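Below: the structure, in structure tokens.
A short reminder: the numbers here are calculations on the coordinates, not readings from a lab. Keep in mind that this is a model prediction, so the values were computed, not measured. Note that each Cβ is placed from the backbone with ideal geometry, even for glycine, and that neighbours are counted across all protein chains shown.
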Amino acid sequence: MNISKIGIVTLDEMFKGVKSKHVWFFSGALAFICFLAMRYSPSLPFLFSDPSRIPYTYISFMIILLLGPFFILITAFDSISGEVEKGTIRYIISKIDRESFVLAKFLFSFLIFTFFALVVAIMGQMYNYQSFSTFDLERMFLFWIFSSLYIGCFTSLFIFVSTLSKSSKMAFTMSALLLGITIYFSVQGRTEYLKYITPYHYGFAVSEIMKNTYEISEYSTVVQNLLSMLLFIVATLSIDVFTFKRREL
Amino acid sequence: MTTAISTKNLYKKYEARYVLKDLSLNVEKGSIYGFLGQNGAGKTTTIKILSGLSIPDEGQIIIENMDMHMEADKIKSIIGLVPQDSDFYNERTALSQMNYFARLKGLSKSEAKEQSEILLERVGLENEMTKKVGSFSHGMKKRLSIAQALLDNPKILILDEPTNGLDPVGVRQVKQIIRECNDNGITILVSSHNLLELQEICTHVGILKSGRLITEGAIGDIRQLESNGVITVGIYNMSPEIVSLVENMEYVVDTRLKEKNILEIYVNSKTDVKPEINKLIVDNGGQVFKLIENSLSLEDAYLSATET
């Protein structure tokens, strides 16, 4: 693994990403949905137990929990399979090691959506300030960290599918199937342990903390889920690297 | 002569089929090694393994005294690869693409820019540097592919079918670049179907058949391997008996009936055997109207080796 080469590939991906209408459209669309939800949530006071205290951070966090994986699917499914399909991968892998390439691909998607999560977090605080004349920086920070990690979990999952797929079409189909499986695992109750292998479980576990009414006193829950998400990302990325190292190019 | 690339007992299988079987090849330092074989013989698989794009199931690869298994990254840094069936980022310019690859090779920003410009000029793309690669012809992309392989002065250049799909001008340009690289001390391994091209530029040849290296050596030795030459005999009253008698001669390796009256005789002898062949045919009622001896071309040696 070569840190400087990871940096070069990540920066190059970002350079391409900044120019890509695809990336702007999908991250913009997700931000816009969050904006709409926060903007119009006061019109739906029956949704909240205390209509005078609309939990803006919670609203945007729920949107990221529910819609984020779909947007990640659209932007990350061909991160590696696309390069394999085009044939550009041979030029790159003849110059750098495979671990660095996979990590750079992950970092690109992760950083893009981390930036996007920060924008949404700031947006939530602006609404918070407008409504209650106060900032809740602690909650904003938690929102930012957990949204980023949650999205990171899905990014590493879809990169895994991308490392295995021969074509982008197949990568998309398999990623969509995997997303369906994770949803199924997280909602069905008979075999409880299955939910622990889905990022949904960790995301929903901390969602209550995002409410204004919830006191951030249960730091053990925060730390536990934070570490679980980190572990999930590290484990999935290790599998991604292992799979890609065995792959024929 | 020292060895630049050496493989020992390389095996590779896809699903249940072995595409490389016990492949042991040796590429001498400073040589242009032509890698020949029919479609599906395993040439591209070998090249992918040598450049780290594929992993062998068994065997050892030593490149510039480094073991691929232990020092893959160091090996990558001294190899330039021109892969087959690969493409560039079409929306980017040639220069930006070269800069990116140069940075991946470990060059600083200024070195990357400088080398990219020099190499694009060297492959004749100096006027296309700022054009998007998507607008390039196949030949231009091939030259760009060679330019990226030459970044950071590799010791070894590996080219997989570099002249495939090129027009005669493109082929000549690529051959010229290969020769120049070799003159600058780069060891070259090139696979191609075009035997005439290889015959013209290669110093050494390896012939691969069904995943096995059936012959390897200096190009002159390969031509002599199966036979010292080919004698073309024109006989008016050709008969199966005459062909059979010729085939049974001690120094005759093979015979081929080219036309009704023309017989090609592949011989392995250091002396002139034409009079003896002529006598045998005449003594058995044949009327010889033509008797010519040619040295074998690489194509003859290749066909002779792969058809057996």
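Per residue of B:49-57, count partner chain C-beta atoms within 10 Å of its C-beta, then hand back the mean as an integer.
Details: counts 0, 0, 4, 6, 8, 3, 4, 0, 0.
Average per residue, whole number: 3.
Take the eigenvalues of the Cα gyration tensor for region A:103-167, scale each by 5, and report the square roots as semi-axes in whole Å, largest first. Each step should come with its number before you reach the end.
Numbers: eigenvalues 206, 16, 13 Å².
Semi-axes from the Cα gyration tensor: 32, 9, 8 Å.
Can you tell me which of A:60-73, B:130-143 comes out highest on packing, and rank the rest after it, using the mean Cβ neighbours within 10 Å?
Values: A:60-73: 21.2, B:130-143: 16.2.
Top to bottom by mean Cβ count within 10 Å: A:60-73, B:130-143.
Could you tell me the calculated FRET efficiency between A:K166 and B:Y11, based on Cβ-Cβ distance and R0 = 30 angstrom, to the nearest 0.05? Mind showing how you got there, number by number?
Details: r = 24 Å, r/R0 = 0.78.
The computed FRET efficiency comes out at 0.80.
Which FRET efficiency value, to the nearest 0.05, do you get for A:K16 and A:A37 by plugging their Cβ-Cβ distance into 1/(1 + (r/R0)^6) with R0 = 45 Å? Working shown, then result.
Values: r = 30 Å, r/R0 = 0.67.
My answer for the efficiency is 0.90.
For B:102-108, what's the mean count of beta carbons from other chains sitting within 10 Å of each residue's beta carbon?
On the way: counts 2, 8, 14, 4, 6, 0, 0.
The per-residue average across the peptide is 5.
Using a 10 Å cut-off on Cβ atoms, rank the peptides A:76-84, B:23-31, B:258-266, A:149-157 from the highest mean neighbour count down. All intermediate terms of the calculation are to be shown ahead of the outcome.
Details: A:76-84: 23.3, B:23-31: 19.0, B:258-266: 15.8, A:149-157: 26.7.
Packing order, densest peptide first, comes out as A:149-157, A:76-84, B:23-31, B:258-266.
Which peptide among B:87-95, A:88-96 comes first, and what is the full order, when sorted by highest mean count of other Cβ atoms within 10 Å?
Numbers: B:87-95: 18.1, A:88-96: 22.9.
Order by mean packing, descending: A:88-96, B:87-95.
Over 22 Å, how big is the tail of the calculated P(r) for chain A, in percent of all Cα pairs? Don't jump to the answer; show the numbers that get you there.
Details: 17137 of 30876 pairs.
Result for the distance tail: 56 percent.
Multiplying the sequence separation of B:I292 and B:I262 by 0.36 nm and subtracting their Cα-Cα distance, what value in nm do you get? Write down the numbers at each step before the final one.
On the way: separation 30, 0.36 × 30 = 10.80 nm, distance 1.10 nm.
Length gained, B:I292 through B:I262: 9.7 nm.
May I ask for the distance between the Cα centers of region B:1-47 and region B:233-255, given as a whole number of Å?
Here the two parts' Cα centres lie 37 Å apart.
Across the residues of A:92-104, average count of Cβ atoms on other protein chains within 10 Å? Working shown, then result.
Values: counts 3, 7, 17, 17, 7, 4, 3, 0, 2, 1, 0, 0, 0.
That works out to 5 on average.
Project the alpha carbons of chain B onto their principal axes and report the range along each, largest first, in whole Å.
79, 42, 37
Across 10 Å bins from 0, what is the distribution of all Cα-Cα pair distances for the protein assembly as shown, in whole percents?
That works out to 3, 15, 20, 18, 14, 11, 8, 5, 3, 2, 1, 0, in percent per bin.
Taking B:K274 as the anchor, which aspartates and glutamates have their alpha carbon closer than 16 Å to its alpha carbon, excluding any fewer than eight residues away along the same chain?
B:E247, B:E250, B:D254, B:E264, B:D283, B:E293
For B:I214, list long-range residues whose amide hydrogen, built 1.01 Å from N in the peptide plane, is under 5 Å from its own amide hydrogen.
B:I207, B:L208, B:K209
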